[in-house]
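Structure first, then comments.
FYI, it's all coordinate maths here, none of it is from the lab. Only a predicted model underlies this, so the values are computations on that prediction, with no experimental measurement involved. Positions of Cβ are backbone-derived with ideal geometry, glycine not excepted, and every protein chain shown enters the neighbour counts.
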Amino acid sequence: MSLHAPESWSFTVTIRDSIALRYSYNDLTRNKGVNLALIVILVFSAFLMATGSMVIERVLSSMDQFFDEARPPHFLQMHKGAYDRAELERFASEHPEIDAWLIEEMLGYDSAAIAWERSSTGEGGDLADSLIDNLFVTQNAEFDFLLDENGSIPRPDAGEVYVPVAYREQFGIEVGDLLRVQTAEGVQELRVEGFVRDSQMASSLSQSTRFLISEDDFAAMSAAGGAIPEIIVEYRLTDTSLVQDFQTAYESDDALPKNGESVPYQLLRIVNALSDGLVAAALMFASLLLVAIALLNARFVIRGTLEDEVRQIGAMKAIGLPNRTISGLYLAKYRAMTFLACVVGGLLAIAAAQMLTRTVQVDYGAAEVDLVSVLVPVLALAFVYVFVIAICRRVFGKIRRIEVVNALVHGSTLDDRQTARRAAREVKRVRRTSLAAFGGGNLNRRLALLDLRAEARQWVLIPIVMFLAAVLMTLPMNLLSTLSDPAFVTFMGSPESDLRADLEFSEDVDAVHGDLLAAMSADEGLENVRAFANVLYETEGEEGWEVLRVDVGDFSSAAMPFIEGGPPGTGEIALSVMNAEKYGLATGDEILVRLDGEPSNLTVSGVYQDITGGGLSAKMQGEVDAGAASYTVFADTAAGADTAELVAEYADAFPSAKVTPMREFMEQTLSYVTDAVRNAALLTFAFGLGVALVITSLFLKLRLTRDRQKMGMLSAVGFSTNELIAQVRGKTLAAVVVGTVLGSVFAATGGESVAGSLLALAGLGIVDLEFLPNPWLVYLAYPLLLISAGYLGAVFLTSRLRGADKSSWLRG
Amino acid sequence: MSNDDRITLECKELTKTYFSTEPPAKVLHGIDLAVRTGEFLVVMGASGSGKSTLLYSISGMDRPTTGSVLLEGRELTSLDDAEMSRVRLTRMGFIFQQAYFLSNLNIQDNILLPALKAAPGDRDAVVERVDALMERFGIGHVKRHGVTQVSGGQLQRASICRALAGRPAVLFADEPTGALNSSMSAEVMNALTDVHGDGATIVMVTHDPACAARAERVVFLRDGLLVDTREQGAWTAETAKQREDDLFSWLSSNGF
């Protein structure tokens, strides 16, 4: 007996499984359209979920691996001009937490001074289109390595140069090309030996990039003049948790060089992860919306299936099959579909993730594909699978409550009490309407509205899905247009303007600044010329005095928004969000600052958003024409004048000034982020439209099947097919419009704060994101497209009603 | 009570083939049939003989494959969908085996629906006529009730009211008692007989010899062909039993 038991057990399992499989197969092939639509949505969800998780995993592990190899500094300070090396050595000896430190010397060249040429084809050009600083350096000995594409540390020989990978992408420079650098004495020729990735300056938000040359060439170019010498003081600490304190200590030491940007390690990581992380987050968000849509649909389809097959279910219950077996039979189909969707979505995601992480691979190098790389998307997909099946199982739980007699005799999934309740609802509804008292008007419209009211529980699916699709499409697009809007510069702590001229520290910077300002003010092609000086004040931090970078200038007419308070007047100071947080200050509070040892008390006039330079800045009203760390002049182009010409003119006249057209500056600074968001926006746009079309079609397919007898009856009593079609299309249009409009309104209001708080969490200095949407696009074209997609589904499905024999509808 | 030799409805060489099956199913093989004005005609036959297909083909619900259908002398097969719908609205009435009603309208509204659609400007007169019909068929007291609040017999009588509300030239009934018990069946057949007494032209498909006994003429369909016709004169309650027996033997002789 005991020998036979396992056999009979396995026999039962096989039979049961094969019945479930056969049932699934038959059902899948019988209801092709409905099942296909459901699979498509499930594939969409699985695809986005897998892509999002893969992108995140790839970005993080590529960065980890890259950071491991390149060993970026934990704290760095840029500086131009003279400095005292002995003071730096003193500082290093006083701080045992320093593991290693170095002073990297760099030669800065204007983009226009660098040209490339390919002797084999004669192709060539200069780098003038690039707006970031070009710094020539030699390879470091201990850390902060520039890595070649294989991840090794290249050491160029004399006459060789390694070019930033970004330039290979931007200008198409190849190995073997000649690079010509214009020095004061002549042209220095270098041969491109390879490309380097840069842990410090790979990020899109970085404003400079490094070229790697040999010690000999560095010495030669340095002697030849024409470059702006600059240094970076870099530190590796024994423990990265000490960075914050270390930064404070550095900045409160008066003797150390610090007139340039300072960047702590954490910021380096955040900024590096930002652009690709943003896309991944957008994709995961989109995936969650799609999972929600898929579940709503599955629930709708399952409930429909239960109603259609209630007699079968009743019969199965009558012959004594347990509820679990019956629901298992139906669930098998959903298991198969979800599993298939996860596999297909996962496979598609491999290609998509590859495409989306291309820039990551260029900038950081591809990380090894290890167990984690495989596990992350698999777990994400497993989550989708388990979640979907769990919800389906819940809906199928209804089988338990189906009563055999009601199912077999009345074909009803409801028990007596539910039937009574439904009848009572119907009676109440019927009492409220009366065609006898109906004062005329369109009978078809009236019937459609009555239907919508009576079947609101089913129809509500469409507005919900359209709502989600509208949000799905609108949010990434709004983010994209915000990032691409010229006014976004105000989030970067600058006023809106057509061009800006930056003067960094040099011996004659004050004189050049005076000349430049005079020339620009007198120029008829320019108006609204505003000069700001970057002055290094000091204020009291937790551990004594530390540097506070203040832009001093005329802010009375500055077109930049404040999230609280307003621009600073005399005796006042405005703080960036991150500074306000750092010092725990709000509008109206007092802050003690000192300049050249002279203290003064200032009132905080307002707080603004700034994402540049770590987001720590301040603004003060006044005029400074000497002693500043750097100067910036903003100007608008007068009507009729050409920004590009003016930029070229001033760049020629003032070689030490960096003159940039604001629009291009913005575009280049944010190009990686905007490219990434653009990809996400395109993807969600296509998916949003696809979902609108697929779901409306799926819903109507099921709805029309259910309404066949009603349509047959209406047809018999004299309603034409066109009238029936118009009723269905009208109902669909109403449902689609309501959902789309609500979704767009939500995206414009609530969605902004959702996206804003996500960005605020990222700690980038934006706390109050105000979308700068393209209203015609997102609040007119998008909703219209979405409505059209939904309506198209209705047109497509209802047009098949024409030509049908009406009696077939009556037969059910 | 066909006291008239005029023809209300006529079909000639009517065929119907369903092309959705493989191979295509030819259900009607060339039917010639004329329904006299005021006649009560019943179509009988075994399941699958093509009774319902014939009914739906001559009522314009389905499009015949070949042949012609004339209603009051007007060719129906050449009408487009909108024109055909207009004909069904104004000249035809339908009663089905299941009483199809809109569950979100009360009984009165359901009956009013086609009549209001046909004569939207004539609301008061339409409402008055419908109320009178409902009283006549004994459902006046349930006119504000929902569809789930009345019995099957009441619903089917409501169907008859709806079919009559538009004053049709011909009334089509497809197994109108098929879903009812015998007492409800009798209610419905009494109502139909009553309507016929007023001069209505009725074409009815049924399985039930007791119902068919009410008709003046019974035609028998086998495999899509009209194989036999039986004229049985006007029905009276007194001769009902005898008619049923005679009809039964005739049906038996046709292999029913």
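Points worth noting:
- Computed [θ] at 222 nm, helices only, for chain B once each DSSP H run of length n ≥ 4 contributes -39500 (n - 2.57): -11000 deg cm²/dmol
- Crossing angle, helix A:4-30 versus chain A [Cα axis fit, 0-90 degrees, rounded to tens]: 80
- Among B:Pro23, B:Pro176, B:Pro209, residue whose mean-square fluctuation peaks in a GNM of chain B (springs only between Cα atoms under 10 Å): B:Pro23
- Surface/4 of the Cα convex hull for the range A:399-519, nm²: 18.9
- Total formal charge among the other residues, if their Cβ is under 9 angstrom from that of A:Gly803, Lys/Arg +1 and Asp/Glu -1: +1
- Placed amide H near A:His74: partners under 5 Å, 5+ positions off or other chain: A:Tyr235, A:Arg236, A:Leu237
- Cα-based shape type of the range B:127-196, given that a ≥ b ≥ c are square roots of the gyration tensor eigenvalues and the cut on a/c is 1.5: oblate
- Degrees between helix A:215-224 axis and first principal axis of chain A (Cα, 0 to 90, nearest 10): 60
- Among B:Asp62, B:Asp80, B:Asp174: highest mean-square fluctuation, GNM of chain B, C-alpha pairs under 10 Å: B:Asp80
- Axis angle, to the nearest 10 degrees, between helix A:443-454 and the longest C-alpha principal axis of chain A: 80 degrees.
- Note on the range A:386-419 and the range B:114-171: Cα centroid distance 36 Å, given to the nearest whole angstrom.
- Two-decimal Rg/Rh across the range A:349-430, once Rg and the Kirkwood Rh are taken from alpha-carbon atoms: 1.42
- In the range A:656-726, the C-alpha radius of gyration followed by the widest Cα-Cα span (Dmax) gives 26.1, 87 angstrom.
- For the protein assembly as shown, a simple Cβ point-charge model (Lys and Arg +1, Asp and Glu -1, everything else neutral) yields a dipole of about 12220 debye relative to the Cα centre.
- For the range A:564-569, the Karplus equation 6.51 cos²θ - 1.76 cosθ + 1.60, evaluated at θ = phi - 60°, returns couplings of 8, x, x, x, x, x Hz by residue, with Gly and Pro reported as x.
- Cβ charges +1 (Lys, Arg) and -1 (Asp, Glu), total dipole of the range B:7-253, debye: 360
- Normalised size of the range A:505-655, defined as Cα radius of gyration per 2.2 N^0.38 Å with N residues, equals 1.13.
- The range A:98-237 pair-distance distribution - Cα-Cα, 10 Å bins, rounded %: 12, 46, 35, 6, 1, 0
- Over all other residues within a Cβ to Cβ distance under 15 Å of A:Arg729, the charged ones net out to +3, with Lys and Arg as +1 and Asp and Glu as -1.
- Diffusion of the range B:7-253 by Stokes-Einstein, at 20 °C in a medium of 1.002 mPa s and with Rh set to the Kirkwood radius over alpha-carbon pairs, works out to 115 µm²/s.
- Charge context of A:Thr643, other residues only, Cβ under 12 angstrom, K/R +1, D/E -1: -4
- Extreme residue, positive dipole direction of the protein assembly as shown, given options B:Leu192, A:Val395, A:Gly159 (C-beta unit charges): B:Leu192
- With a 10 Å cut-off around each Cβ of B:103-112, the average count of Cβ atoms from other chains is 6.
- Positive-end ranking of A:Leu42, A:Ser111, A:Phe91 along the dipole of the range A:17-151, with charges on Cβ about the Cα centre, is headed by A:Leu42.
- Spatially proximal lysines relative to A:Lys806 (Cα-Cα < 22 Å; intrachain offsets below 8 disregarded): A:Lys701, A:Lys710, A:Lys731, B:Lys12, B:Lys16, B:Lys26, B:Lys51, B:Lys117
- DSSP bridge orientation in the protein assembly as shown - percent antiparallel, rounded to nearest 5: 75
- Calculated from backbone phi, Karplus (6.51, -1.76, 1.60) coupling profile of the range A:413-428 in Hz, x at Gly/Pro: 7, 8, 8, 4, 5, 5, 4, 4, 5, 5, 4, 4, 4, 5, 4, 4
- Given +1 at the Cβ of Lys and Arg, -1 at the Cβ of Asp and Glu and no other charges, the dipole of the range A:98-237 around its Cα centre is 160 debye to the nearest 20.
- Using the Stokes-Einstein relation with a Kirkwood hydrodynamic radius computed over Cα pairs, the translational diffusion coefficient of chain A at 20 °C and a viscosity of 1.002 mPa s comes to 69 µm²/s.
- For the protein assembly as shown, the residue among B:Leu89, B:Ala213, A:Phe634 whose Cα projects farthest onto the positive side of the dipole built from Cβ charges is B:Ala213.
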